[in-house]
């Protein structure tokens, strides 16, 4: 087997082991509570040694937030793909609809992570910090595709609106009030547009 093929097999094996540990840990946290599950228990469930666990995750908290890099990459891709839209509004709409499609593809693990986080103040605070990172990434990405300076007021405003739209859309979709996250996102965006039009007419 060629050296490149061997490296590919090893990389795939590492991804599989990491994913297996993550799946076992999330299931344990969801069923028994985050604080009541130790790394040793996760290792027993996954059939791996603590050394293997720590090779992939620095602490058990890192398992809950292992999604960060994949989500950020998906958000960056959505920004790049929507960058060619003809207006700032169309760009933001394009980013949100693309990112919403990605989030919907992660629905199962998202629901499990939310269940773990919602009753744990420390994890919830860190989740909010992750969402602030998404907002900053969106603001910076919009500034980049619009060729305006970082920190541009409108880009920051649009990013804040975008994250608020996604949060509301996720709640609506999970409550069964929309057939898909994309549809819920479109509805929330339309409501924002209606509000902005009514608000600007009161001046």
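Go through (1) farther than 18 Å from residue 92 by Cβ; (2) surrounded by 14 or more Cβ atoms within 10 Å (Cβ to Cβ) one by one and return the number of the condition residue 135 breaks.
Unmet for residue 135, out of (1) farther than 18 Å from residue 92 by Cβ; (2) surrounded by 14 or more Cβ atoms within 10 Å (Cβ to Cβ): (1).
Looking at (1) over 19 Å from the mean Cα position of the chain (by Cα); (2) within 22 Å of residue 77 (Cα to Cα); (3) part of a helix (DSSP H, G or I), which is the one condition that is false for residue 149?
(3)
Of everything in region 173-192 that's over 17 Å from the mean Cα position of the chain (by Cα) and in a helix (DSSP H, G or I), which residue is surrounded by the most Cβ atoms within 10 Å (Cβ to Cβ)?
Once the filter is applied, the top-ranked residue is 188.
Just give me the residues in region 138-153 being out of contact with any helix residue (DSSP H, G or I) (no Cβ under 6 Å at 6 or more places or on another chain) and either modelled with pLDDT under 95 or within 20 Å of residue 81 (Cβ to Cβ) (or both), in sequence order.
Within region 138-153, the subset out of contact with any helix residue (DSSP H, G or I) (no Cβ under 6 Å at 6 or more places or on another chain) is 140, 144-149, 151, 153.
Of everything in region 138-153, those that are out of contact with any helix residue (DSSP H, G or I) (no Cβ under 6 Å at 6 or more places or on another chain) and either modelled with pLDDT under 95 or within 20 Å of residue 81 (Cβ to Cβ) (or both) turn out to be 140, 144, 145, 146, 147, 148, 151.
When residue 119 is evaluated against the numbered criteria (1) over 17 Å from the mean Cα position of the chain (by Cα); (2) assigned to a helix (DSSP H, G or I); (3) surrounded by fewer than 17 Cβ atoms within 10 Å (Cβ to Cβ), which criterion, by number, is the only one it fails?
(2)
Which residues, taken from region 18-39, are part of a helix (DSSP H, G or I) and out of contact with any helix residue (DSSP H, G or I) (no Cβ under 7 Å at 6 or more places or on another chain)? Even if it seems obvious, please write down each step before you answer.
Within region 18-39, the first condition is being part of a helix (DSSP H, G or I), and the residues that meet it are 18-32, 34-36, 39.
If the condition is that a residue be part of a helix (DSSP H, G or I) and out of contact with any helix residue (DSSP H, G or I) (no Cβ under 7 Å at 6 or more places or on another chain), then 19, 23, 27, 31, 32, 35, 36 are the ones that fit.
Just to be sure, is residue 170 in a helix (DSSP H, G or I), closer than 12 Å to residue 92 by Cβ and in the same structural domain as residue 100 (by TED's automatic domain parsing)? Can you show your working first?
Details: in a helix (DSSP H, G or I): yes; closer than 12 Å to residue 92 by Cβ: no; in the same structural domain as residue 100 (by TED's automatic domain parsing): yes.
For residue 170, the condition - in a helix (DSSP H, G or I), closer than 12 Å to residue 92 by Cβ and in the same structural domain as residue 100 (by TED's automatic domain parsing) - is not met.
Considering 48, 42, 63, which residue is surrounded by 14 or more Cβ atoms within 10 Å (Cβ to Cβ) and not in a helix (DSSP H, G or I)?
Result: 48 is the single residue among 48, 42, 63 that is surrounded by 14 or more Cβ atoms within 10 Å (Cβ to Cβ) and not in a helix (DSSP H, G or I).
For the condition exposed (fewer than 13 other Cβ atoms within 10 Å of the Cβ) and under 30 Å from residue 62 (Cβ atoms), what is the one hit in 160, 129? So that I can check it myself, show each step before the final result.
On the way: 160 fails: exposed (fewer than 13 other Cβ atoms within 10 Å of the Cβ).
That would be 129, the only listed residue that is exposed (fewer than 13 other Cβ atoms within 10 Å of the Cβ) and under 30 Å from residue 62 (Cβ atoms).
Any residue that is over 30 Å from residue 188 (Cα atoms), surrounded by fewer than 12 Cβ atoms within 10 Å (Cβ to Cβ) and in contact with a helix residue (DSSP H, G or I) (Cβ under 9 Å, 6 or more places away or on another chain) - is there at least one of those in region 72-84?
At the first step, the residues of region 72-84 found to be over 30 Å from residue 188 (Cα atoms) are none.
No; the residues of region 72-84 include none that is over 30 Å from residue 188 (Cα atoms), surrounded by fewer than 12 Cβ atoms within 10 Å (Cβ to Cβ) and in contact with a helix residue (DSSP H, G or I) (Cβ under 9 Å, 6 or more places away or on another chain).
For region 128-161, which residues satisfy the criterion of being closer than 24 Å to residue 66 by Cβ and touching a residue at least 60 places away in the same chain (Cβ under 8 Å)?
If the condition is that a residue be closer than 24 Å to residue 66 by Cβ and touching a residue at least 60 places away in the same chain (Cβ under 8 Å), then 130, 133, 134, 137, 138, 141 are the ones that fit.
Could you check residue 58 against (1) more than 30 Å from residue 184 (Cα to Cα); (2) part of a helix (DSSP H, G or I); (3) without any contact (Cβ under 8 Å) to a residue 24 or more places away in the chain and say which number it fails?
Here residue 58 meets the rest and fails (2).
The values are calculated or read from the model by the stated rules, or taken from the named source; none is laboratory data. Here the structure is a predicted model, which means the values were calculated and not measured. No Cβ is skipped: glycine too gets one built from the backbone with ideal geometry, and neighbour counts run over all protein chains shown.
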